[in-house]
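The values are calculated or read from the model by the stated rules, or taken from the named source; none is laboratory data. Owing to the predicted nature of the structure, the values given are computational and were not obtained by experimental measurement. Here the Cβ positions follow ideal geometry from the backbone for every residue, glycine too, while neighbour counts run over all protein chains shown. The accessibility values were calculated without ligands, DNA or RNA, using every heavy atom of the protein model including side chains. Shrake-Rupley method; radii C 1.70, N 1.55, O 1.52, S 1.80 Å.
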Amino acid sequence: MKRLGYWIEAMRLRTLPVSVAGVLMAITWNAVNNNFNAVPAVICLCFAVLAQIASNFANEYFDYKAGRDRPGREGPRRGVTEGEISPAAMKKAIYITLGLAGCLGLSLVGWGGWWLLAVGAFIAIGVFAYSAGPYPLSTHGWGEVGVVFFFGLIPVNFTYYVQTLQWDAGVMLSSLAIGLMGANVLIVNNYRDVEDDRRVCKRTLCVRFGRRAMLMLYAADAVAGAAMLMPLLPRIGYVYLCVPAFYLAGCMAVIRNMTRREGAALTPMLGATSMLMFGVSLLSLILALI
(Lines give C-alpha, C1' and ligand atoms only; values in the text may rest on other atoms or scores of the structure.)
Protein backbone atom coordinates (compact mmCIF):
# COMPACT_ATOMS: atom_id res chain seq x y z
CA MET A 1 0.00 0.00 0.00
CA LYS A 2 2.86 2.36 0.76
CA ARG A 3 4.34 1.79 -2.69
CA LEU A 4 0.93 2.48 -4.25
CA GLY A 5 0.88 5.76 -2.35
CA TYR A 6 4.14 6.80 -4.02
CA TRP A 7 2.60 6.23 -7.45
CA ILE A 8 -0.57 8.11 -6.57
CA GLU A 9 1.57 11.02 -5.40
CA ALA A 10 3.51 10.91 -8.68
CA MET A 11 0.23 11.26 -10.60
CA ARG A 12 -0.22 14.72 -9.00
CA LEU A 13 -3.95 14.30 -8.33
CA ARG A 14 -4.08 17.92 -7.18
CA THR A 15 -3.51 19.05 -10.79
CA LEU A 16 -5.71 16.56 -12.69
CA PRO A 17 -8.80 18.84 -12.64
CA VAL A 18 -6.83 20.97 -15.13
CA SER A 19 -7.19 18.32 -17.86
CA VAL A 20 -10.83 17.63 -16.97
CA ALA A 21 -11.74 21.33 -17.17
CA GLY A 22 -11.02 21.63 -20.89
CA VAL A 23 -13.23 18.68 -21.79
CA LEU A 24 -16.08 19.96 -19.59
CA MET A 25 -15.91 23.38 -21.24
CA ALA A 26 -16.21 21.75 -24.67
CA ILE A 27 -19.20 19.72 -23.47
CA THR A 28 -20.77 22.96 -22.22
CA TRP A 29 -20.65 24.32 -25.77
CA ASN A 30 -22.01 21.05 -27.13
CA ALA A 31 -24.89 21.35 -24.66
CA VAL A 32 -25.81 24.94 -25.62
CA ASN A 33 -25.52 24.09 -29.33
CA ASN A 34 -27.54 20.85 -28.95
CA ASN A 35 -24.86 18.63 -30.50
CA PHE A 36 -23.56 16.63 -27.53
CA ASN A 37 -22.33 13.08 -28.26
CA ALA A 38 -21.55 11.17 -25.05
CA VAL A 39 -19.22 8.45 -26.38
CA PRO A 40 -16.48 10.60 -27.98
CA ALA A 41 -16.82 13.10 -25.11
CA VAL A 42 -16.07 10.40 -22.50
CA ILE A 43 -13.18 9.11 -24.61
CA CYS A 44 -11.74 12.63 -24.78
CA LEU A 45 -12.07 12.95 -21.00
CA CYS A 46 -10.21 9.68 -20.33
CA PHE A 47 -7.58 10.55 -22.94
CA ALA A 48 -6.96 13.96 -21.37
CA VAL A 49 -6.50 12.54 -17.87
CA LEU A 50 -4.15 9.78 -19.05
CA ALA A 51 -2.10 12.23 -21.13
CA GLN A 52 -1.69 14.51 -18.11
CA ILE A 53 -0.64 11.62 -15.87
CA ALA A 54 1.92 10.59 -18.51
CA SER A 55 3.16 14.19 -18.59
CA ASN A 56 3.45 14.28 -14.80
CA PHE A 57 5.42 11.03 -14.84
CA ALA A 58 7.67 12.34 -17.63
CA ASN A 59 8.28 15.57 -15.74
CA GLU A 60 9.42 13.65 -12.67
CA TYR A 61 11.61 11.22 -14.63
CA PHE A 62 13.36 13.74 -16.90
CA ASP A 63 13.89 16.31 -14.14
CA TYR A 64 15.59 13.55 -12.15
CA LYS A 65 17.73 12.49 -15.10
CA ALA A 66 18.79 16.09 -15.77
CA GLY A 67 19.57 16.82 -12.11
CA ARG A 68 16.84 19.42 -11.82
CA ASP A 69 15.35 17.79 -8.70
CA ARG A 70 16.89 17.30 -5.30
CA PRO A 71 15.68 15.55 -2.14
CA GLY A 72 13.74 17.77 0.26
CA ARG A 73 12.47 20.18 -2.40
CA GLU A 74 9.69 22.63 -1.51
CA GLY A 75 7.10 21.07 -3.82
CA PRO A 76 5.48 17.63 -3.57
CA ARG A 77 7.84 14.73 -2.98
CA ARG A 78 9.34 13.24 -6.13
CA GLY A 79 9.36 9.47 -5.75
CA VAL A 80 12.23 8.93 -8.17
CA THR A 81 14.43 11.59 -6.59
CA GLU A 82 13.69 10.30 -3.09
CA GLY A 83 14.50 6.72 -4.13
CA GLU A 84 10.94 5.47 -3.60
CA ILE A 85 10.35 4.68 -7.30
CA SER A 86 13.12 3.40 -9.54
CA PRO A 87 13.91 5.42 -12.69
CA ALA A 88 13.33 2.30 -14.80
CA ALA A 89 9.86 1.79 -13.30
CA MET A 90 8.94 5.43 -13.89
CA LYS A 91 10.15 5.28 -17.49
CA LYS A 92 8.03 2.18 -18.07
CA ALA A 93 5.01 3.89 -16.47
CA ILE A 94 5.38 6.85 -18.86
CA TYR A 95 5.14 4.64 -21.92
CA ILE A 96 2.36 2.44 -20.54
CA THR A 97 0.21 5.45 -19.63
CA LEU A 98 0.93 7.18 -22.92
CA GLY A 99 0.17 3.94 -24.78
CA LEU A 100 -3.22 3.66 -23.08
CA ALA A 101 -3.95 7.27 -24.01
CA GLY A 102 -2.88 6.51 -27.58
CA CYS A 103 -5.29 3.59 -27.84
CA LEU A 104 -8.13 5.83 -26.74
CA GLY A 105 -7.00 8.48 -29.19
CA LEU A 106 -7.04 5.97 -32.04
CA SER A 107 -10.69 5.24 -31.33
CA LEU A 108 -11.52 8.90 -32.00
CA VAL A 109 -10.46 8.48 -35.63
CA GLY A 110 -13.88 6.97 -36.25
CA TRP A 111 -15.51 10.26 -35.31
CA GLY A 112 -13.02 12.87 -36.47
CA GLY A 113 -11.03 11.28 -39.29
CA TRP A 114 -7.50 9.95 -39.79
CA TRP A 115 -5.94 13.40 -39.64
CA LEU A 116 -6.48 13.31 -35.87
CA LEU A 117 -3.45 11.00 -35.72
CA ALA A 118 -1.29 14.07 -36.34
CA VAL A 119 -2.97 15.80 -33.39
CA GLY A 120 -2.31 12.76 -31.23
CA ALA A 121 1.34 12.73 -32.26
CA PHE A 122 1.63 16.43 -31.39
CA ILE A 123 0.15 15.76 -27.94
CA ALA A 124 2.58 12.86 -27.40
CA ILE A 125 5.47 15.18 -28.26
CA GLY A 126 4.05 17.68 -25.80
CA VAL A 127 4.13 15.08 -23.02
CA PHE A 128 7.91 14.97 -23.35
CA ALA A 129 8.61 18.53 -24.51
CA TYR A 130 7.95 20.11 -21.13
CA SER A 131 10.92 18.42 -19.43
CA ALA A 132 12.84 16.48 -22.09
CA GLY A 133 14.55 16.96 -25.41
CA PRO A 134 17.16 19.47 -26.52
CA TYR A 135 14.98 22.45 -25.51
CA PRO A 136 12.77 21.59 -22.50
CA LEU A 137 9.98 24.15 -22.22
CA SER A 138 10.16 24.14 -18.43
CA THR A 139 13.78 25.30 -18.33
CA HIS A 140 13.39 28.10 -20.87
CA GLY A 141 10.30 29.90 -19.59
CA TRP A 142 7.85 28.46 -22.14
CA GLY A 143 5.92 26.21 -19.79
CA GLU A 144 2.95 28.55 -19.46
CA VAL A 145 2.64 28.84 -23.25
CA GLY A 146 2.67 25.05 -23.50
CA VAL A 147 -0.14 24.85 -20.94
CA VAL A 148 -2.31 27.25 -22.96
CA PHE A 149 -1.97 24.94 -25.98
CA PHE A 150 -2.15 21.51 -24.35
CA PHE A 151 -4.71 22.22 -21.62
CA GLY A 152 -6.78 24.90 -23.33
CA LEU A 153 -6.73 25.21 -27.12
CA ILE A 154 -6.34 21.52 -27.94
CA PRO A 155 -8.73 19.78 -25.49
CA VAL A 156 -11.56 22.30 -25.76
CA ASN A 157 -11.56 22.70 -29.53
CA PHE A 158 -10.96 19.06 -30.42
CA THR A 159 -13.41 17.65 -27.87
CA TYR A 160 -16.00 19.92 -29.45
CA TYR A 161 -14.92 18.99 -32.97
CA VAL A 162 -15.12 15.18 -32.62
CA GLN A 163 -18.75 15.58 -31.54
CA THR A 164 -19.75 17.99 -34.30
CA LEU A 165 -17.12 18.00 -37.10
CA GLN A 166 -17.32 21.79 -36.83
CA TRP A 167 -15.30 24.65 -35.37
CA ASP A 168 -16.82 27.53 -33.43
CA ALA A 169 -15.43 31.01 -32.65
CA GLY A 170 -17.02 31.00 -29.19
CA VAL A 171 -15.42 27.64 -28.42
CA MET A 172 -12.06 29.07 -29.50
CA LEU A 173 -12.37 31.97 -27.05
CA SER A 174 -13.41 29.63 -24.27
CA SER A 175 -10.40 27.41 -25.02
CA LEU A 176 -8.11 30.43 -24.58
CA ALA A 177 -9.87 31.21 -21.29
CA ILE A 178 -9.26 27.68 -20.03
CA GLY A 179 -5.67 27.78 -21.27
CA LEU A 180 -4.94 30.98 -19.34
CA MET A 181 -6.53 29.50 -16.22
CA GLY A 182 -4.30 26.45 -16.64
CA ALA A 183 -1.25 28.69 -17.05
CA ASN A 184 -2.08 30.16 -13.64
CA VAL A 185 -1.75 26.70 -12.09
CA LEU A 186 1.80 26.49 -13.43
CA ILE A 187 2.51 30.05 -12.28
CA VAL A 188 1.68 29.04 -8.69
CA ASN A 189 3.82 25.91 -9.04
CA ASN A 190 6.83 27.90 -10.25
CA TYR A 191 6.20 30.70 -7.73
CA ARG A 192 6.47 28.11 -4.96
CA ASP A 193 9.54 26.39 -6.45
CA VAL A 194 11.46 29.52 -7.51
CA GLU A 195 14.39 29.02 -5.12
CA ASP A 196 14.74 25.32 -5.95
CA ASP A 197 14.55 26.14 -9.67
CA ARG A 198 17.12 28.93 -9.37
CA ARG A 199 19.62 26.58 -7.73
CA VAL A 200 19.45 24.09 -10.62
CA CYS A 201 19.39 26.77 -13.35
CA LYS A 202 15.80 26.03 -14.32
CA ARG A 203 14.88 29.36 -15.92
CA THR A 204 11.13 29.51 -15.44
CA LEU A 205 9.33 32.82 -15.90
CA CYS A 206 9.39 33.26 -12.14
CA VAL A 207 13.16 32.77 -12.02
CA ARG A 208 13.61 35.23 -14.89
CA PHE A 209 11.25 37.99 -13.82
CA GLY A 210 10.62 37.44 -10.12
CA ARG A 211 7.63 36.76 -7.92
CA ARG A 212 6.05 40.21 -8.18
CA ALA A 213 5.85 39.89 -11.97
CA MET A 214 4.24 36.46 -11.60
CA LEU A 215 1.56 37.85 -9.30
CA MET A 216 0.80 40.47 -11.95
CA LEU A 217 0.72 37.82 -14.70
CA TYR A 218 -1.57 35.63 -12.59
CA ALA A 219 -3.97 38.56 -12.17
CA ALA A 220 -3.82 39.44 -15.89
CA ASP A 221 -4.50 35.84 -16.89
CA ALA A 222 -7.45 35.71 -14.49
CA VAL A 223 -9.03 38.89 -15.87
CA ALA A 224 -8.44 37.89 -19.51
CA GLY A 225 -9.74 34.37 -18.88
CA ALA A 226 -12.91 35.68 -17.22
CA ALA A 227 -13.52 38.08 -20.12
CA MET A 228 -13.12 35.30 -22.69
CA LEU A 229 -15.95 33.36 -21.08
CA MET A 230 -18.44 36.02 -22.20
CA PRO A 231 -19.49 34.33 -25.50
CA LEU A 232 -21.47 31.93 -23.30
CA LEU A 233 -23.45 34.80 -21.72
CA PRO A 234 -26.06 35.18 -24.52
CA ARG A 235 -26.38 31.39 -24.76
CA ILE A 236 -27.01 30.81 -21.06
CA GLY A 237 -28.35 34.16 -19.82
CA TYR A 238 -27.36 36.77 -17.26
CA VAL A 239 -27.11 34.13 -14.54
CA TYR A 240 -23.86 33.14 -16.24
CA LEU A 241 -22.20 36.29 -14.87
CA CYS A 242 -21.84 34.41 -11.59
CA VAL A 243 -19.20 32.16 -13.21
CA PRO A 244 -16.55 34.80 -14.05
CA ALA A 245 -17.41 36.55 -10.77
CA PHE A 246 -16.76 33.31 -8.88
CA TYR A 247 -13.46 32.82 -10.70
CA LEU A 248 -12.17 36.36 -10.16
CA ALA A 249 -13.10 36.33 -6.47
CA GLY A 250 -11.28 33.04 -6.02
CA CYS A 251 -8.21 34.32 -7.84
CA MET A 252 -8.06 37.43 -5.67
CA ALA A 253 -8.10 35.19 -2.59
CA VAL A 254 -5.28 33.06 -4.04
CA ILE A 255 -3.16 36.12 -4.85
CA ARG A 256 -3.64 37.44 -1.33
CA ASN A 257 -2.48 34.12 0.11
CA MET A 258 0.47 33.90 -2.29
CA THR A 259 1.84 37.16 -0.90
CA ARG A 260 1.65 35.79 2.65
CA ARG A 261 3.06 32.28 2.21
CA GLU A 262 6.37 30.66 1.37
CA GLY A 263 7.57 27.26 0.19
CA ALA A 264 5.39 24.23 0.82
CA ALA A 265 2.68 26.43 2.36
CA LEU A 266 1.92 27.58 -1.20
CA THR A 267 0.96 24.07 -2.38
CA PRO A 268 -2.71 24.49 -1.35
CA MET A 269 -2.84 27.58 -3.59
CA LEU A 270 -1.85 25.39 -6.52
CA GLY A 271 -4.74 23.07 -5.73
CA ALA A 272 -7.08 26.03 -5.25
CA THR A 273 -6.16 27.46 -8.67
CA SER A 274 -6.71 24.07 -10.26
CA MET A 275 -10.11 23.72 -8.59
CA LEU A 276 -11.12 27.25 -9.61
CA MET A 277 -10.46 26.30 -13.23
CA PHE A 278 -12.43 23.07 -12.78
CA GLY A 279 -15.21 24.98 -11.01
CA VAL A 280 -15.57 27.39 -13.93
CA SER A 281 -16.09 24.50 -16.36
CA LEU A 282 -18.38 22.54 -14.08
CA LEU A 283 -20.55 25.57 -13.25
CA SER A 284 -20.71 26.49 -16.93
CA LEU A 285 -21.93 22.99 -17.78
CA ILE A 286 -24.50 22.95 -14.98
CA LEU A 287 -25.92 26.31 -16.04
CA ALA A 288 -26.01 25.17 -19.67
CA LEU A 289 -28.08 22.14 -18.71
CA ILE A 290 -30.66 23.78 -16.45
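In table form, for the structure just shown:
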| item | result |
| --- | --- |
| Unmet requirement for PHE62, which otherwise passes all of (1) over 24 Å from LEU289 (Cβ atoms); (2) open to solvent by less than 40 Å² (accessible area, probe 1.4 Å) | (2) |
| Pairs, first open to solvent by 10 Å² or more (accessible area, probe 1.4 Å) and assigned to a helix (DSSP H, G or I) in region 268-287, second at pLDDT 95 or above and among the aromatic types (Phe, Trp, Tyr), C-beta under 6 Å, six or more apart | LEU276/TYR247; LEU287/TYR240 |
| Where a residue in region 111-122 is in a helix (DSSP H, G or I) and its partner, wherever it lies, is at pLDDT 90 or above, with Cβ under 6 Å and at least six apart | TRP111/PRO40; TRP111/VAL162; GLY112/VAL162; LEU116/LEU108; LEU116/VAL109; GLY120/GLY105 |
| Scan of region 186-219 for residues that are in a helix (DSSP H, G or I) and open to solvent by 60 Å² or more (accessible area, probe 1.4 Å), ordered by number | GLU195, ARG198, ARG199, ARG208, PHE209, ARG212, MET216 |
| Matching option when the condition is without any contact (Cβ under 8 Å) to a residue 60 or more places away in the chain and crowded, with 17+ Cβ neighbours inside 10 Å, among PRO234, PRO244 | PRO244 |
| Scan of region 226-262 for residues that are within 17 Å of TRP29 (Cα to Cα), under 20 Å from the mean Cα position of the chain (by Cα) and part of a helix (DSSP H, G or I), ordered by number | ALA226, ALA227, VAL243, PRO244 |
| Index of the failed condition, ILE96 passing every other in (1) assigned to a helix (DSSP H, G or I); (2) touching a residue at least 12 places away in the same chain (Cβ under 8 Å) | (2) |
| Those residues of region 247-263 which are of a type outside the set (Lys, Arg) and open to solvent by 30 Å² or more (accessible area, probe 1.4 Å), in sequence order | LEU248, ALA249, MET252, ALA253, ILE255, ASN257, THR259, GLU262 |
| The one condition in (1) over 23 Å from HIS140 (Cβ atoms); (2) in contact with a Ser or Thr (Cβ under 8 Å, 6 or more places away or on another chain) that ARG235 fails to fulfil | (2) |
| Only listed residue being over 30 Å from ILE236 (Cα atoms) and out of contact with any Ser or Thr (no Cβ under 6 Å at 6 or more places or on another chain), chosen from ALA10, ALA38, ALA31, ALA54 | ALA10 |
| Some residue of region 48-69 being assigned to a helix (DSSP H, G or I), aliphatic (A, V, I, L, M) and touching a Pro at 6+ places or on another chain (Cβ under 8 Å) | yes |
| Subset tally (residues that are touching a Ser or Thr at 6+ places or on another chain (Cβ under 8 Å) and either more than 13 Å from VAL185 (Cβ to Cβ) or at pLDDT below 95 (or both)) for region 239-270 | 3 |
| Number of the exception - GLY83 against (1) over 19 Å from SER131 (Cα atoms); (2) in contact (Cβ under 8 Å) with a residue 24 or more places away in the chain; (3) part of a loop (DSSP other than H, G, I, E, B) | (2) |
| Condition check for ALA38: on the phi < 0 side of the Ramachandran plot, open to solvent by less than 30 Å² (accessible area, probe 1.4 Å), at pLDDT 90 or above and among the aliphatic types (A, V, I, L, M) | no |
| Pairs where the first residue, in region 168-190, is more than 20 Å from GLY141 (Cβ to Cβ) and the second is in a helix (DSSP H, G or I) and among the basic types (Lys, Arg), C-beta under 9 Å, 6+ apart | GLY170/ARG235 |
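Quick grid of which residues meet (1) within 12 Å of the chain's Cα centre (by Cα); (2) under 22 Å from ASN59 (Cα atoms); (3) open to solvent by 30 Å² or more (accessible area, probe 1.4 Å):
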site: GLY110; (1), (2), (3): no, no, yes
site: ALA118; (1), (2), (3): no, no, yes
site: ALA132; (1), (2), (3): no, yes, no
site: GLY143; (1), (2), (3): yes, yes, no
site: PHE149; (1), (2), (3): yes, yes, yes
site: ASN184; (1), (2), (3): yes, yes, no
